[in-house]
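Have a look at the structure below, then the notes.
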Amino acid sequence: MSFDGLILNNDVKTVESKFNLHSNNKRVYIETYGCQMNVSDTEIILSVLSDFGYNETTEISESDLIFLNTCSVRENAERKIYNRLKQLKGIKRKSPDKVIGILGCMAERLKKDLIEKEKIVDIIVGPDEYRKLPRLIENLYGTGEKGIAVKLSRDETYDDIVPVRKEGVTAWISVMRGCDKFCTFCVVPFTRGRERSRKVSSIVNEAASLYEEGVKEVTLLGQNVNSYNEGGNDFADLLRQVAKAVPGMRIRYATSHPYDCSRKLLETMAKYDNICKYIHLPVQSGSERILKLMNRLYSIKQYLEVLNYAKEIMPGIGLSTDIITGFPTETEEDHRMTLELMERAEYDSAYTFAYSPRENTKSYRLEDDVAKEVKLRRLDEIISLQRKLSSRINKKLIGCEKEVLIEGSSKKSEDFLMGRTDCNKTVIVPRGSSAAGDFLKVKIIKSNSATLFAERTET
């Protein structure tokens, strides 16, 4: 069969099959890689499959389907998936009836390679085609025909699907999908398509329903939430309406683009107590020249004006960022500018990466001329500086009283609980009689670069 014959984007076949799609004894195992949007997408996938009788299992040996929900943002992310597929070959040999599927961004980007080179892969489905999963499975069982559905959509938001979430006090709400910015290093517009936003009413209703179910904090998600635009409402309008609808619930959001981070948005954050005073604002580089090559649309001056205004109207706001080092043509002077910006911005934390070229992006056409060892050395310097900044900022909080939302047990000891402040600081506190979902007043007594340690100020 030709590769083209495998593509089922427009017509998923219905076949006579011994496989009963609506039986209730089928189990799916999903591994999720990458960003928070992928976590949210996995919840959507589970919902789609649950309507057809599939239940999630955490044991791969018990599964009928094995799905990898993938990320394609960096080369290392894709390498992890290829390595995982090698590990799955043994499982496939022992149980050839197990269905192995690649979902998400990598499915969209590398569909042909995955089917033709990775012989164990049965199904490939991109981020906008999850509704087709049940019929692709049915077709596979009925005919043995592998299936691909990777067409990008201009309007799919999964607005009508109630995600299958794990129990907990926090939850994700996807408010938009895709991105129109076309940063020269980024594959997202090619793997997730153009921007489209969910209706305000559906988002508000979902937040209200989650609150009734006991969820204490939601994070509004999108590739660039600040570009949200629906029915004349921008993201500040959406944030305000959600905050007013559920005043007892904490509201966070991710991820932002500095170009779209308006004063109106920051003022909305400052106005409502239940909107967390934390913003993730990826800068990527401290060099104006590199920012232009990246098509980031803002200057360092404009970026700092946004940060300074946020700090002015929300003292103590938590700040984090993304930084890419080793972008094509980056010099030591460009690198120094990034370090200087970090000092000026005083980020609480940073997600840092060495540049890797991604096919189809504009920067892919540029020579990847920064040697690997130079990239890694610069990355080490960025990480080292950020640790110093984080330690310095956290040390200043010793003696301060904070309110934390308890999320669960500490990973290191059942005698302690882990929670977060509204500024997104991780706090460890003695268990006492508290439990997940409690808001607890604490006093910070110790810190390191990643964590605050506290004692209770209330019983």
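No value in this document is a laboratory result; all are computed from the given coordinates. Predicted model, so just to flag it, every value in this text is computed and none were measured. FYI the Cβ positions are ideal-geometry reconstructions off the backbone, even for glycines, and counts take in every protein chain you see.
For segment 440-459, the residues whose amide N sits under 13 Å from a probe point set 7 Å from the Cα of residue 413 along the beta carbon direction are 453-455. Here the extension length gained between residue 312 and residue 274 equals 11.8 nm, from 0.36 nm per residue of separation less the Cα-Cα distance. Fully extending the segment from residue 340 to residue 182 would add 54.2 nm, taking 0.36 nm per residue of separation and subtracting the current Cα-Cα distance. Annotation: amide H of residue 416 within the under-5 Å range of 410, 431, sequence separation 5 or more or interchain, hydrogens built in the peptide plane. Between the Cα long axis of helix 372-395 and the first principal axis of the chain there is an angle of about 50°, rounded to the nearest 10.
Each residue of segment 249-266 is assigned a 3J(HN,Hα), and the resulting list reads 10, 6, 10, 10, 8, 6, 10, 10, 10, x, 4, 9, 7, 8, 4, 4, 5, 5 Hz, derived from the Karplus form 6.51 cos²θ - 1.76 cosθ + 1.60 (θ = phi - 60°), x at Gly and Pro.
Given Cα pairs under 8 Å that are at least 6 residues apart, what percent is the relative contact order of segment 118-168? Across segment 118-168, relative contact order equals 39 percent.
Select from segment 179-216 those GluC sites (Glu not before Pro) which occupy a DSSP coil region and have at most 13 other Cβ atoms within 10 Å, ordered by residue number.
Qualifying residues, ordered by number: 213.
For helix 36-50, what angle does its Cα long axis make with the longest principal axis of the chain, in degrees from 0 to 90 and rounded to 10? The answer is roughly 40 degrees.
Between their Cα atoms, which of 181/216; 181/388; 111/375; 264/301; 372/412 are more than 27 Å away from each other?
181/216; 181/388; 111/375; 372/412
Rounded to the nearest Hz, the phi-derived 3J(HN,Hα) couplings of segment 398-406 under the Karplus curve 6.51 cos²θ - 1.76 cosθ + 1.60 (θ = phi - 60°) are 4, x, 7, 9, 9, 9, 10, 8, 6, where x marks glycine and proline. The equivalent ellipsoid that matches the C-alpha gyration tensor of segment 4-149 spans semi-axes of 21, 17, 16 angstrom, in descending order. Its relative contact order, with pairs defined as Cα atoms under 8 Å and 6+ residues apart, puts the chain at 10 percent. A DSSP coil position with no more than 13 other Cβ atoms inside 10 Å describes the following GluC sites (Glu not before Pro) in segment 43-150: 59.
Each other residue within a Cβ distance under 9 Å of residue 257 adds +1 if Lys or Arg and -1 if Asp or Glu, for a net charge of +1. Seen against the Cα atoms of the chain and their longest principal axis, helix 200-212 is set at about 80 degrees.
Each of 29, 275, 389 was placed along the dipole of the chain (beta-carbon charges, centred on the mean Cα), and the one lying farthest toward the positive end is 389. In order along segment 270-285, the phi-based Karplus estimate (6.51 cos²θ - 1.76 cosθ + 1.60, θ = phi - 60°) of 3J(HN,Hα) comes to 5, 6, 9, 5, 8, 8, 4, 8, 8, 9, 9, 10, x, 9, 6, 7 Hz; Gly and Pro are listed as x.
Estimated from the Cβ-Cβ distance and a Förster radius of 22 angstrom, the FRET efficiency linking residue 229 and residue 297 is about 0.85. Computed from point charges on the beta carbon alone (+1 for Lys and Arg, -1 for Asp and Glu), the dipole magnitude for segment 170-395 about its Cα centre is near 320 Debye. Tally Lys and Arg at +1 and Asp and Glu at -1 over the other residues with C-beta under 14 Å from the C-beta of residue 424: what net charge comes out? Local charge sum for residue 424: +1.
Taking 0.36 nm per residue of separation and subtracting the Cα-Cα distance, full extension of the segment from residue 457 to residue 25 would add 150.6 nm.
Distance between the 7 Å Cα→Cβ label points at residue 167 and residue 372: 4.7 nm. Under 5 Å from the amide H of residue 174 lie the amide H atoms of 221, each residue being 5 or more positions distant or on a separate chain, with H modelled from the backbone and absent for Pro and chain starts. Taking the Cα centre of the chain as origin and assigning +1 to Lys and Arg Cβ atoms and -1 to Asp and Glu Cβ atoms, the resulting dipole is close to 740 debye.
Modelled label positions at residue 443 and residue 95, each set 7 Å beyond Cα in the direction of Cβ, lie 5.4 nm from each other.
For the pair residue 392 and residue 244, label points projected 7 Å from Cα toward Cβ lie 4.1 nm apart. Look at (1) -0.28, -1.32; (2) -0.28, -1.16; (3) -0.25, -1.31: the one that is log10 I(q)/I(0) by the Debye sum over Cα atoms at q = 0.06, 0.13 Å⁻¹ derived from this structure is (1).
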